[in-house]
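The values are calculated or read from the model by the stated rules, or taken from the named source; none is laboratory data. Note that the coordinates shown come from a computational prediction; the quantities given were computed from them, not determined experimentally. Heads up, the Cβs are rebuilt from the backbone with ideal geometry, glycines too, and the neighbour counts pull from every protein chain shown.
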2 protein chains.
Amino acid sequence: MKPKKTKHIHSASAEKIIAKRKKILQAEDLISKISNGNTTALSQAITLIESTAVKHQQVGQVILKGCLPYSGNSVRIGITGVPGVGKSTFIEALGTHCINKGKKLAVLAIDPSSSISHGSILGDKTRMEQLATNPKAFIRPSAAGDSLGGVARKTREAIILCEAAGYEVIFIETVGVGQSETAVHNMTDFFLLLKLAGAGDELQGIKRGIIEMADALIINKADGENLAAAKKAKTAFAKALHLFPAKASKWQPRVALCSALENQGITSIWELIEEYLNLVKSNEFFAENRKNQNKYWLQTSIENALKDDFYGNAEVQNQLPKLLGDLNSGKITAFQAAQELLKKAK
Amino acid sequence: MKPKKTKHIHSASAEKIIAKRKKILQAEDLISKISNGNTTALSQAITLIESTAVKHQQVGQVILKGCLPYSGNSVRIGITGVPGVGKSTFIEALGTHCINKGKKLAVLAIDPSSSISHGSILGDKTRMEQLATNPKAFIRPSAAGDSLGGVARKTREAIILCEAAGYEVIFIETVGVGQSETAVHNMTDFFLLLKLAGAGDELQGIKRGIIEMADALIINKADGENLAAAKKAKTAFAKALHLFPAKASKWQPRVALCSALENQGITSIWELIEEYLNLVKSNEFFAENRKNQNKYWLQTSIENALKDDFYGNAEVQNQLPKLLGDLNSGKITAFQAAQELLKKAK
């Protein structure tokens, strides 16, 4: 028995070593291909990062580390707006314009609701026929996940991989579920809000705080019978944006009209973005902002882990409903209830 | 030796029991006096809550629990604006109006900077001479503290005590340091932003997001030569506020002019607040909002405790600067850095 057992152990160790070496080789191979702009390798790496399997995640993290030195050299543009505002058509129009200007473009999406709706509509290649067949465009459907934290992490990682693959412009699209606009705002250099003229924000489902985040407010479908209303909306919003406190970037947010369908106004929107980039690169806000974003995601990741741990505690889950009840019926203060729960989690 | 030692233990136990009984008696005495509207007792209880001594805090928490059943029956009004906007004069004018309408008024303040500036200017009684001598007003200077979390907790607890003492209107004032406006917004029923006409928000130091929080935007010092500019600002802001998404309260935020110094416009501001209260009490937002605020403070207290614990960890403090450096030089992703730190804290 003894020799066999030893042999078995040896063979297991050997297998482990081989598996590990295979992983490293796989990672090195993908890193090299990605940095050469190979889109198949890029897709594979994103799939590894998004995978729920631990062994995939491990390879994914090695690839990420290897890609980091090649990353950072892009302009990250966040695009948001409610369904029906024409995001896909807008992305096709602006994206094609970028490519015509000689840029390589990646389109990513954040949609934490995709796990609920079983399949995201965002980033769907069929929505962007022109871009989907353009060799200088890379379109990746939204990462799936049941928490915004998880989806945001995967998107941030996909950005790094796309940058390593040489994509110079990256669009990150969101439909605005939960706090997803805030997440996109915190991972992009420029934040663009698409709106329609006429309809009130309530009808458009835009959440409070989004307008203040925007670097540009684009009124889409400014064509035909809509044009007059769009022009009026532009004036109103331009005045309103001036009443806001100044941004840390020193950029004065702009309002612009466009008709993505008729390809009107797209050139000036791209010029506006370039003007912004010139400003924030010369006043160093661009680099400062990315530093702050890194810190934000470091802290957010830590806080999410701490909260998951705390609220996942059986004793906490057991006591929380009763304490919330006591809190709402005025038997205990919020701070006293928190102390009780913190004691339970110890 | 033996009897002596036993005697000593006995006497120590006895002292402990006596001390505990004294605490309970002290607490019961203060609860009873507070619920009868005794302002000396109210001041003493707030001092106990604000104390850094554990024995005081313990009595304070017992008093709080005892006061909770008498609390909740007030209107909590948050008032913010940069220094120089005329907050004290405004509070004197609006406060005196409330009292003339038959209400009892308490004025509290949040100023997390007070520990830095060694003594807060907020809530200073000498700033509000009229109210300070009015028997129906209770003015309490800002709680001291080096963290917003701590100061916010003490202010929330002071609100409960004031309500138990029969104060029907509570003003919570803030100068807007750090995130203090958000804290005040999350502990009040109505949020009022004081502004001056003319000066840009940048000059006024108003932070982004504050305007969207406001239920009313009051342009103060609308008198004499300022009046024309104030009227113009009113129109501009009224238009701008209409462009914002609707509030959960269904309340359309208002802009109003006033001259606190000349006591102009104060009556309509109070009517505006009453109109708001009628709306949110009939559509049940008032109660719902307070419930959400309770939950918010429960969660915030927990998260602050978890973060204090984590960032207080010696290993974390040791590794954080190096990891932040690696993060900013692109050697590691934010999520990888977070994982490293979370491992260290285990």
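One residue is enough: does region B:294-309 have a residue meeting the conditions over 17 Å from A:D309 (Cα atoms) and outside any helix (DSSP H, G or I)? No, there is no match, as no residue in region B:294-309 is over 17 Å from A:D309 (Cα atoms) and outside any helix (DSSP H, G or I). Please determine whether any residue of region B:142-157 is closer than 22 Å to B:K33 by Cα, hydroxyl-bearing (S, T, Y) and at pLDDT 90 or above. There is at least one residue in region B:142-157 that is closer than 22 Å to B:K33 by Cα, hydroxyl-bearing (S, T, Y) and at pLDDT 90 or above. Being modelled with pLDDT of 95 or more and of a type in the set (G, A, S) is the filter here, so list the residues in region A:8-41 that pass it. Once the filter is applied, which keeps residues that are modelled with pLDDT of 95 or more and of a type in the set (G, A, S), region A:8-41 yields A:S32, A:S35, A:G37, A:A41. B:S249 meets the conditions (1) closer than 30 Å to A:G325 by Cβ; (2) away from chain A (no Cβ under 14 Å); (3) touching a helix residue (DSSP H, G or I) at 6+ places or on another chain (Cβ under 8 Å) in every case but one. The failed one is (2).
Pairing each residue of region B:75-97 that is farther than 16 Å from B:A183 by Cβ with any residue that is small (G, A, S) and surrounded by fewer than 24 Cβ atoms within 10 Å (Cβ to Cβ), provided the two are 6+ apart or on different chains, yields C-beta distances under 6 Å for B:V82/B:G205. Note on region B:256-269: residues that are buried (at least 18 other Cβ atoms within 10 Å of the Cβ) and closer than 24 Å to B:S74 by Cα total 5.
Can you work out which of the residues in region B:211-224 that are touching a strand residue (DSSP E or B) at 6+ places or on another chain (Cβ under 6 Å) and within 11 Å of chain A (Cβ to nearest Cβ) is surrounded by the most Cβ atoms within 10 Å (Cβ to Cβ)? Ranking the qualifying residues of region B:211-224, first place goes to B:L217. Within region B:245-281, the only residue that satisfies the criterion of being assigned to a loop (DSSP other than H, G, I, E, B), within 22 Å of the chain's Cα centre (by Cα) and of a type in the set (A, V, I, L, M) is B:A248.
Here is a yes/no grid of residues against (1) more than 7 Å from chain B (Cβ to nearest Cβ); (2) under 30 Å from B:L68 (Cβ atoms):
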| residue | (1), (2) |
| --- | --- |
| A:F286 | yes, no |
| A:K291 | no, no |
| A:N304 | yes, no |
| A:D308 | yes, no |
| A:Q319 | yes, yes |
| A:K322 | yes, yes |
| A:G330 | no, yes |
| A:A338 | no, yes |
| A:L342 | no, yes |
